[in-house]
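Structure record follows, encoded as C-alpha cells.
The values are calculated or read from the model by the stated rules, or taken from the named source; none is laboratory data. On a predicted model such as this, the values are computed, not experimentally measured, just so you know. Quick reminder, even Gly has a Cβ in these numbers, built from the backbone with ideal geometry, and neighbours come from all protein chains shown.
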C-alpha cells in the first residue's frame, strides 16, 4: 500500500489495482469551509489530469482532477450528508472516490509524502 | 467608463495599492487578495466562523477601500440632487440616506450613502468605482462646489449585536446614535466620524479615522474579547443574507433602480418632479413597469448556484443569478437573480443551472435573514417577523 501526491494537492492511495483519491490537508485549508462535494458516479471513466469531482466551499467552486486514469468504483457516500468531513478528515474519512487503476505506470512521477511536504513548504 | 478611469485614476499610483491596515491584517493572519485595486483580507480564521461571530458578537471589517468624499459650498445639496433621485435638501444634520448615482439612461453608476455632516455633505462610495464617481461628480457639479476625496481617512466597520456595547466603552456617546444617523466624536484626542450603519444586516457602526490612527483604533477594538477581525468573504455572505445588493454584481449601468427593486431610494416626490439625471428613463420604467426584477431565491439541497448561473422556468431561460452562495446562518444556499417579471412573484418555483444540472429553487422574500438594526430605545430592534 503506498500513497502518492500531485501538485494539484490530491492524494492517491493504491492497494492492488484499487486507488482511493482525496484532497490534502493543505488543499482543504486553502479552500476553507466546504459545503458541498460532487463525486463521480460508479462506472465513470476518468483520464489522468481531467476533472473528476467538484468541491464547493463558501468562497467558490474548485475542480478536483483524477491523478491517474481509471474506472470509478464508488464516490464517498458520506460526503453527501457531511461535506465538512473534507475539512475535518481530508486524508482519511473525507476521501472523494475510488478507482480501478487502468495503467499503474501513470503513478510514476507522482510525489511521495516527503516530496509533497517539501513542495508545500516551498509554496 | 474605462476612458474616465484613465483620465482620473492618478497615474503615479501602483496598480494594486495597500490599505493603512495592511500590516495589521497580515499580523492577524489575514489571507490577502486583490479587491477593488487593493490588497485586502478575504478571511482570517475562516469565512463561516467570522460570519457566525458577526451574527452573534461583533466583527471588525476594514472598508478603507471605499471612497470617502465630501461636497461643500452654497447649494451643494441642490447640486447633488441633480445627480441622485433621493431627497438630499431635506436631509437633516446627522442623518444619512442610501442613494443611487444614475447615468443618462437611468443605469446605476454606483450606490452610495449621503450624510448631512453639517458643514458639508459626506458621501461614501464603492471602492471599485470611486475614481469614476469622482470624475462624474466633478463633470456635472458646478465649479463653486468643492469636492474633496478624503484619501487620508481609513474606514473601519464594527458590526454585530455587541458592536454598540463595545464601541461605547471606547468612544463614549456613540450609543445615542440610531440606525442611519451619524456624528463627530472624540477618541483619545482624535476626531472621528461615527455612523450607525453597515452592510451586514446587523446593528453596527462605521468609523472614519485618520489613517495614521487606524491601527491604534483597530487594536483598541480587538482588545475587547467580543470583537474579532473579519474579512471580505464573511462580508459578502452577510450582505447576501441581508438581501443587500453588491455594486458590480447585482447593480451596474445596465440595471435601473426599478428593476433592482430599490424604489425606496427614489424619494416619492422626486419620482414625479424629476430634475435628476436618468429621470426620463426611470419614469418610463415606473409607468410601464419593469420587465425584469431583482429577486431572492432559496435553493433546495446544498449545492450553491453562483453569479452567472442561468435561471429556468421549465425549458425557458427567464433570468440569471447575480450573487449566490451558501448561507451559513440558514444552512442552505441562497441567491439573488434578475428574472422576467412574470416569474418574480414570491413562491414561484424556478430551476438554476449549475454544471449542467438543474437545481430546484423558489422565489423568496429578502432579507433571507432578518435585519437587526437599532432604531431607538422605544422601538423593538430587529425585524418584526
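Out of curiosity, is residue B:352 at pLDDT 95 or above, within 14 Å of another protein chain (Cβ to nearest Cβ), over 30 Å from residue B:273 (Cα atoms) and in a loop (DSSP other than H, G, I, E, B)? Considered against the rule, which asks whether it is at pLDDT 95 or above, within 14 Å of another protein chain (Cβ to nearest Cβ), over 30 Å from residue B:273 (Cα atoms) and in a loop (DSSP other than H, G, I, E, B), residue B:352 comes out as no.
Filter region A:5-18 for residues that are part of a strand (DSSP E or B) and in contact with a helix residue (DSSP H, G or I) (Cβ under 6 Å, 6 or more places away or on another chain) and give the result.
Step one: list which residues in region A:5-18 are part of a strand (DSSP E or B), which gives A:5, A:10-15, A:18.
Answer for region A:5-18, where residues must be part of a strand (DSSP E or B) and in contact with a helix residue (DSSP H, G or I) (Cβ under 6 Å, 6 or more places away or on another chain): just A:5.
Residue count for region B:132-142, restricted to those that are over 13 Å from residue B:80 (Cβ atoms) and either crowded, with 21+ Cβ neighbours inside 10 Å or at pLDDT below 95 (or both): 1. Within region A:19-40, the residues that satisfy the criterion of being in a strand (DSSP E or B), in contact (Cβ under 8 Å) with a residue 24 or more places away in the chain and either within 14 Å of another protein chain (Cβ to nearest Cβ) or more than 14 Å from the chain's Cα centre (by Cα) (or both) are A:34, A:35, A:36, A:37.
Of the residues B:165, B:220, B:214, which single one is surrounded by fewer than 23 Cβ atoms within 10 Å (Cβ to Cβ), at pLDDT 95 or above, over 20 Å from residue B:57 (Cα atoms) and in contact with a helix residue (DSSP H, G or I) (Cβ under 9 Å, 6 or more places away or on another chain)?
B:214
The residue that is farthest from residue B:213 (Cα to Cα), among those in region B:1-29 that are at pLDDT 85 or above, over 22 Å from the mean Cα position of the chain (by Cα) and not in a helix (DSSP H, G or I), is B:29. Could you tell me whether residue A:99 is over 21 Å from residue B:304 (Cβ atoms), part of a strand (DSSP E or B), within 12 Å of the chain's Cα centre (by Cα) and at pLDDT 95 or above? So residue A:99 fits the description; yes.
Would you say residue B:79 is more than 22 Å from residue B:202 (Cα to Cα) and either at pLDDT 95 or above or within 14 Å of another protein chain (Cβ to nearest Cβ) (or both)? Before the answer, list the steps.
Working: more than 22 Å from residue B:202 (Cα to Cα): yes; either at pLDDT 95 or above or within 14 Å of another protein chain (Cβ to nearest Cβ) (or both): yes.
Yes.
Scanning region B:304-328 for residues that are within 14 Å of another protein chain (Cβ to nearest Cβ) and either surrounded by fewer than 21 Cβ atoms within 10 Å (Cβ to Cβ) or assigned to a strand (DSSP E or B) (or both) yields B:306, B:307, B:308, B:321, B:323, B:324, B:325, B:326, B:327. For region A:107-116, taking the residues that are in contact with a strand residue (DSSP E or B) (Cβ under 9 Å, 6 or more places away or on another chain) and part of a helix (DSSP H, G or I), the one that is surrounded by the most Cβ atoms within 10 Å (Cβ to Cβ) is identified as A:116.
Looking across region B:27-47, the residues that are touching a strand residue (DSSP E or B) at 6+ places or on another chain (Cβ under 7 Å), surrounded by fewer than 20 Cβ atoms within 10 Å (Cβ to Cβ) and away from chain A (no Cβ under 13 Å) come down to B:28, B:32, B:37, B:38, B:39.
Residue count for region B:96-120 satisfying the condition of being over 17 Å from the mean Cα position of the chain (by Cα) and closer than 21 Å to residue B:181 by Cβ: 5. Which of the residues spanning region A:61-86 are within 14 Å of chain B (Cβ to nearest Cβ), buried (at least 18 other Cβ atoms within 10 Å of the Cβ), touching a residue at least 12 places away in the same chain (Cβ under 8 Å) and outside any strand (DSSP E or B)? Matches in region A:61-86: A:79, A:83, A:86. When the residues of region A:41-60 are filtered to those that are crowded, with 22+ Cβ neighbours inside 10 Å and closer than 17 Å to residue A:97 by Cα, the one that is farthest from the other protein chains (Cβ to nearest Cβ) is A:46. Annotation: of all residues in region A:87-96 being away from chain B (no Cβ under 14 Å) and touching a strand residue (DSSP E or B) at 6+ places or on another chain (Cβ under 7 Å), the one that is farthest from residue B:303 (Cα to Cα) is A:91. Filtered by the rule that a residue be on the phi < 0 side of the Ramachandran plot and crowded, with 21+ Cβ neighbours inside 10 Å, region B:268-289 gives B:276, B:277, B:279, B:282.
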